[in-house]
Amino acid sequence: MAQSSYLFLNLPLKKPHTITMIKEHHKCLIIGAGPAGYTAAIYAARADLKPIMYVGMQPGGQLMDTTEVDNFPGYPKGVEGPQMMEDFRAQAERFGTEVRSGLVTQAFLNETPKRVLVEDKAEITADTIIICTGATAKWLGLPSEERLKSGGVSACAVCDGFFYRNQVVAIVGAGDTACEEASYLSKICKKVIMLVRKENFRASKAMQHRVETTANIEIHFSTETVEVLGEQTVEGVKIKNNITGVESTLEVTGFFVAIGHRPNTDVFKGQLDMDENGYLITKPDSTHTNIEGVFAAGDVQDHKYRQAVTAAGTGCMSALDAERYLAAMAD
């Protein structure tokens with residue numbers, strides 16, 4: 001039997017991969033991108049605050065899921081949401097904003113200076129922080145709903161209702177927001193079908209009365225949405241009666257989801273004042289939070305209007321507030 005032989009090589013051991021965390025200090029840190037964040041960046045950069053921005057998980061915010069924006073000034077022919085956000089970003093970068101990818105995972109806002117951790121990438125301290133993390137629409141979780149988000153499924157009647165003028169649409173929800181959006185759609189659409197999962201509304205009596213007395217609003221209580229129908233665009237919705245179990249189909253061309261939004265504020269809990277739903281509370285007529293030098297703009301602190309143009313307005317305010325805060329600190 002032949003003797004086995006083995007060859008041993010003295011190969012150099014690989015050094016373990018180490019991640020070097022960036023440590024920096026800045027005058028102004030903007031957390032989140034969207035109309036509020038980019039507008040804050042434009043104003044802060046023009047004020048020579050040399051802002052840096054971390055864009056989070058969805059650069060551009062909810063507008064990245066919006067096909068057509070027709071109600072923002074300066075776009076007379078309309079613009080697609082992602083293109084609009086590219087324009088905002090280009091303008092912010094033109095004035096020197098440094099836009100970075102990354103998600104803020106921890107915040108230490110009571111420290112001096114304020115400090116945040118960006119995943120395992122960076123530890124940033126800042127004299128001022130502008131929070132523009134927005135809010136995320138709640139969805140039903142249907143595959144068909146996700147597939148048709150750019151083809152007739154929407155979470156904002158005020159934004160997209162115009163495109164369904166004189167058409168039949170459905171809206172899911174039972175609270176004040178759903179009733180308010182149904183009322184808004186009723187002025188535009190031929191017919192609005194409200195789908196309410198339980199046997200009654202959660203909305204205030206006044207809002208209930210408004211939809212119940214509107215001739216072209218049809219209300220289906222105890223009704224579950226089974227599937228949104230259509231390949232490229234919404235063609236209907238399959239529903240089920242929760243009491244009888246009977247399924248049926250409604251012919252609609254638009255499907256609106258109004259079951260609420262969730263503000264992206266988890267990382268700031270226990271430090272910043274919030275309302276019962278998690279929206280950041282700002283001081284009257286300002287974007288100041290309860291912590292000096294920390295400001296909030298856009299949908300993260302606005303559960304009432306939730307429009308791109310109002311978010312941009314508070315983004316402007318936040319940068320001006322930050323600039324004035326730093327000027328006062330320097331005096």
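Computed from the coordinates by the stated procedures, all read-outs in this text should not be read as laboratory data. Keep in mind the model is a prediction, meaning the values are calculated, not measured. Note that each Cβ is placed from the backbone with ideal geometry, even for glycine, and that neighbours are counted across all protein chains shown.
Things worth noting here:
- You can think of it this way: the chain between Glu111 and Asn277 has 57.2 nm of extra reach, that is 0.36 nm per residue less the Cα-Cα gap.
- Spin-label model distance (nm) - Gln91 vs Gln232, 7 Å beyond Cα toward Cβ: 3.2
- Placing dummy labels 7 Å off each Cα toward the beta-carbon, the span from Asp266 to Val246 is 4.2 nm.
- Base-10 log of normalised Debye intensity for the chain (one unit scatterer per alpha-carbon) at q = 0.08, 0.09 Å⁻¹: -0.46, -0.56
- Estimated distance in nm for a label pair at Lys190 and Asp331, the labels positioned 7 Å out from Cα along Cα-to-Cβ: 6.3
- Gain upon complete extension [Arg147, Met21; 0.36 nm per residue less C-alpha separation]: 41.5 nm
- Charge context of Cys28, other residues only, Cβ under 14 angstrom, K/R +1, D/E -1: 0
- Per-residue [θ]222 nm for the chain (sum of -39500 (n - 2.57) over DSSP H runs n ≥ 4, rounded to 500): -7000 deg cm²/dmol
- Applying 0.36 nm per residue to the separation of Tyr75 and Val309 and subtracting their alpha-carbon distance, the gain on full extension is 83.0 nm.
- Sequence of Tyr325, Tyr75 once ranked by neighbouring C-beta atoms within 10 Å, starting from the fewest: Tyr75, Tyr325
- Note on Ile259, Ile217: ascending count of other Cβ atoms within 10 Å places them as Ile259, Ile217, the fewest first.
- Positive dipole terminus of the chain, leading residue within Thr253, Thr233, Met194 (C-beta point charges): Thr233
- By the Cβ distance rule (another cysteine Cβ under 4.7 Å), the unpaired cysteines of the chain are Cys28, Cys132, Cys179, Cys189, Cys316.
- Per-pair calculated FRET efficiency, R0 = 35 Å: Lys205 and Ser101 via Cβ, rounded to 0.05: 0.15
- Ordering Met207, Met85, Met57 by the number of other Cβ atoms within 10 Å of each residue's own Cβ, fewest first, gives Met57, Met207, Met85.
- q = 0.19, 0.20 Å⁻¹, region 139-257: log10 I(q)/I(0) [Debye, one scatterer per Cα]: -0.96, -1.07
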